[in-house]
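The values are calculated or read from the model by the stated rules, or taken from the named source; none is laboratory data. Because the structure is predicted, anything quoted here is derived from the model rather than measured. Because the Cβ atoms are built from the backbone with ideal geometry, glycine has one as well, and the counts that use them run over all protein chains shown.
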Amino acid sequence: MKLRRLSGLVLVACLLAIPVTGVTLPWDKDMQDQPSMKPQDSVIATNQSTVPVGGKDRFSPPKDIIELVQARLAAGRFLVNPMPKSPESLTRGKEMYELHCLVCHGEQGRGDGPVGKKFVPQPMELNLDYVQLQPDGQLFYTISHGSLRMPAYRQAIPAEDRWHLVNFIKEMFGEK
């Protein structure tokens, strides 16, 4: 009797040891099998009938490096910063910088943030004349659509906050 009871307990233990994932229903992996974006991907296929939450960008995402440079220059000529440089704007820009930019560009904007140190070449130094002399629209475009190594932030940062970020970059890292 003891042997029979012991073998019954062994059988129950073996059945309990079967991994739960081995007996899941076929639709339990739908989230795993869906199309998904990798981190920092910027091309997102959307249904043509959708309307962007923050309105439509005047400049669409570039298809290649030549289009990136042309659109960035055009944005510098045509986009005007609607956010006056005020203490409130700079405070909001600082919040956005600390949330999205500091890890690569660093506290002083020198491209030496904890993540930025891992890149070769390191991220752009925001205090350089090359950055500081750009029109606000050009910086806005770069933040929105990225650059060679920089990811696009048009999906992550609302347009108004991107303008606040431009104000902060010009004020914080510009020549004093």
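Would the range 142-155 turn up any residue that is within 15 Å of residue 81 (Cα to Cα), of a type outside the set (Val, Ile, Thr) and surrounded by 18 or more Cβ atoms within 10 Å (Cβ to Cβ)?
yes
Could you pull out the residue among 25, 99, 68 that is surrounded by fewer than 16 Cβ atoms within 10 Å (Cβ to Cβ), of a type outside the set (Phe, Trp, Tyr) and either at pLDDT 65 or above or closer than 30 Å to residue 170 by Cβ (or both)?
99
Please enumerate the residues belonging to the range 70-123 that are among the aliphatic types (A, V, I, L, M) and in contact with a helix residue (DSSP H, G or I) (Cβ under 6 Å, 6 or more places away or on another chain).
75, 79, 83, 90, 96, 115
The rows are residues; the columns are (1) modelled with pLDDT of 95 or more; (2) charged (D, E, K, R); (3) assigned to a loop (DSSP other than H, G, I, E, B).
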site: 112; (1), (2), (3): no, yes, yes
site: 139; (1), (2), (3): yes, no, no
site: 152; (1), (2), (3): no, no, yes
site: 176; (1), (2), (3): no, yes, yes
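Based on this model, can you work out whether residue 148 counts as touching a residue at least 40 places away in the same chain (Cβ under 8 Å), more than 19 Å from residue 165 (Cβ to Cβ), part of a helix (DSSP H, G or I) and among the hydrophobic types (A, V, I, L, M, F, W, C)?
On the way: touching a residue at least 40 places away in the same chain (Cβ under 8 Å): yes; more than 19 Å from residue 165 (Cβ to Cβ): yes; part of a helix (DSSP H, G or I): no; among the hydrophobic types (A, V, I, L, M, F, W, C): yes.
Spelling it out, it is not the case that residue 148 is touching a residue at least 40 places away in the same chain (Cβ under 8 Å), more than 19 Å from residue 165 (Cβ to Cβ), part of a helix (DSSP H, G or I) and among the hydrophobic types (A, V, I, L, M, F, W, C).
Do we find a residue being of a type in the set (A, V, I, L, M) and touching a residue at least 40 places away in the same chain (Cβ under 8 Å) anywhere in the range 116-136?
The answer is yes; a qualifying residue exists.
When you check residue 77 against the structure, is it in a helix (DSSP H, G or I), buried (at least 19 other Cβ atoms within 10 Å of the Cβ) and among the basic types (Lys, Arg), yes or no?
In short, no.
May I ask you to list the residues in the range 113-137 that are surrounded by 16 or more Cβ atoms within 10 Å (Cβ to Cβ) and more than 13 Å from residue 173 (Cβ to Cβ)?
Within the range 113-137, 113, 116, 122, 135, 136, 137 qualify.
Does residue 93 qualify as being in contact with a His (Cβ under 8 Å, 6 or more places away or on another chain), touching a residue at least 60 places away in the same chain (Cβ under 8 Å) and assigned to a helix (DSSP H, G or I)?
yes
Would you confirm whether or not the range 33-51 contains a residue that is at pLDDT below 85, over 20 Å from residue 137 (Cα atoms) and part of a helix (DSSP H, G or I)?
Scanning the range 33-51, I find at least one residue that is at pLDDT below 85, over 20 Å from residue 137 (Cα atoms) and part of a helix (DSSP H, G or I), so the answer is yes.
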